[in-house]
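To start, the structure under review is shown below, and the notes come after it.
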């Protein structure tokens, strides 16, 4: 008796899962998307990316591909992902914006794009300024120590202050982008 009840319960459960309450069949796309979501929630981000890409590439016009494309951008900025890649996120979000300009998430995607572009610009300026400061330091270390060369030292200090001011401006720009994004997310009810 117990085995009959278990078999009946199992059959009903599998039928509901496969056909849904309204007789809807679960597609392979949905199954793979569910697997990708499960991998993401388990913290297996690299395999989740592979599954999302598989869904995206299967039928680019489907709603499941839209979800997968968005997730490919999001997974690359997700704070718990140790392999997060801002450049990859920017590429994925830009692709989403070009493929699905009428999607309900387009405002959020565009905010991410603006923030990631600002961060890339900040990184580029920071790296360039850091390299300039390192070159200056190397020049100063290799230069003979002459007290009569005050003009050169003054010019070097002026350049350092200019680089510092540039970094401060970029930092302020990045802070403004982040504040704008937070404000938009709060307005969206997040």
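Brief remarks on what is shown
- Residue 114 vs. criteria outside any loop (DSSP other than H, G, I, E, B), at pLDDT 75 or above and under 25 Å from residue 104 (Cα atoms): yes
- Selected residue [surrounded by fewer than 19 Cβ atoms within 10 Å (Cβ to Cβ) and in contact (Cβ under 8 Å) with a residue 12 or more places away in the chain] from 49, 54: 54
- Pairs where the first residue, in the range 18-35, is on the phi > 0 side of the Ramachandran plot and the second is modelled with pLDDT of 75 or more, C-beta under 8 Å, 6+ apart: 20/26
- Verdict on residue 92 being surrounded by fewer than 19 Cβ atoms within 10 Å (Cβ to Cβ) and farther than 19 Å from residue 179 by Cβ: no
- Among the residues making up the range 80-108, those that are in contact (Cβ under 8 Å) with a residue 24 or more places away in the chain and part of a helix (DSSP H, G or I) are 86, 87, 89, 90, 95, 96, 99, 107, 108.
The values are calculated or read from the model by the stated rules, or taken from the named source; none is laboratory data. On a predicted model such as this, the values are computed, not experimentally measured, just so you know. Here the Cβ is made from the backbone with ideal geometry for all residues, glycine too, and neighbour counts use every protein chain on show.
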